[in-house]
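Q: Got a structure for you, questions after.
The values are calculated or read from the model by the stated rules, or taken from the named source; none is laboratory data. A quick note: this is a predicted structure, and the numbers were derived from the prediction, not measured. All Cβ positions, glycine included, derive from the backbone under ideal geometry; neighbour counts span all protein chains shown. Areas reflect the complete protein model, heavy atoms only, side chains present, ligands, DNA and RNA absent. Shrake-Rupley method; radii C 1.70, N 1.55, O 1.52, S 1.80 Å.
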Amino acid sequence: MSKADDTRERILDAFERLVVESGERAGTIAATADAAGVSKGGLLYHFGSKGALVDGLAERLDRFGEHEEERLSPMPDAVTVFLRESLAAEDPIDRTLVALLKLGQLDEHVAARDALDRLDEHYLAALTTSLGDRDLALLVVRLSDGIYLRSVIGGAGSLPPDSVEQVIRWLEQLLARKAQS
């Protein structure tokens with residue numbers, strides 16, 4: 001990775017951290033530059049606006065989504081793998097996802113919502129390949145959304161340890177019934 005790429009990633013990490021920990025309003029250009037250890041001019045050289053920072057996070061999620069589609073599509077057990085991996089694991093991409101979820105709630109950050117939609121499309125493509133049915137793939141993606149949300153929330157609203165496995169068993173039963181009809 002070049003020095004410029006490293007600086008861009010450090011700036012995006014700082015912006016992401018500010019949004020996740022303190023909300024969208026905390027992710028100002030000045031606060032992001034300070035958190036990244038760069039001058040405001042240095043940040044603006046790489047990202048000309050707050051919108052460009054959001055675009056940078058969206059690009060990060062796009063790269064992840066493309067990778068996930070390529071990884072999951074050939075798997076015969078893609079649904080099971082996908083659901084098991086729906087638990088938030090404190091991976092760096094989880095922070096990007098949470099930041100974009102927060103940013104996407106605001107009208108001015110259409111790029112965040114669009115990136116989340118594109119991630120859904122990557123997952124839908126991979127799961128449709130596995131299931132042969134886009135509607136079922138959408139059901140699995142929405143199940144995953146609920147699993148992810150509950151695991152991010154934690155505390156009293158979090159999932160019991162075996163609940164994902166129970167969801168997988170129910171889904172397998174549903175798929176077996178569908179195959180019989």
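Q: Quick check on my filter: what residues within segment 51-70 are open to solvent by less than 50 Å² (accessible area, probe 1.4 Å) and in contact (Cβ under 8 Å) with a residue 12 or more places away in the chain?
A: Gly51, Leu53, Val54, Gly56, Leu57, Ala58, Arg60, Leu61, Asp62, Gly65, Glu68
Q: Quick check on this structure: which one of Ala99, Ala88 is among the aliphatic types (A, V, I, L, M) and either out of contact with any Ser or Thr (no Cβ under 8 Å at 6 or more places or on another chain) or farther than 20 Å from Ser151 by Cβ (or both)?
A: Ala99
Q: What's the total number of residues in segment 151-181 that are at pLDDT 85 or above and basic (Lys, Arg)?
A: 2
Q: Take segment 131-145 and flag every residue that is small (Gly, Ala, Ser), open to solvent by less than 40 Å² (accessible area, probe 1.4 Å) and at pLDDT below 95.
A: Correct list: Ser144 only.
Q: Here is a list of conditions, (1) without any contact (Cβ under 8 Å) to a residue 40 or more places away in the chain; (2) part of a helix (DSSP H, G or I); (3) out of contact with any Leu (no Cβ under 7 Å at 6 or more places or on another chain), and Tyr123 meets all of them except one; can you say which number that is?
A: For Tyr123, the failing item is (1).
Q: Restricting to segment 146-181, and then to whatever is within 15 Å of the chain's Cα centre (by Cα) and in contact (Cβ under 8 Å) with a residue 12 or more places away in the chain, can you tell me which residue is most open to solvent (accessible area, probe 1.4 Å)?
A: In this case the residue turns out to be Val152.
Q: Would you pick out the residues in segment 75-90 that are in a loop (DSSP other than H, G, I, E, B), crowded, with 17+ Cβ neighbours inside 10 Å and either modelled with pLDDT of 95 or more or aliphatic (A, V, I, L, M) (or both)?
A: Correct list: Leu87, Ala88.
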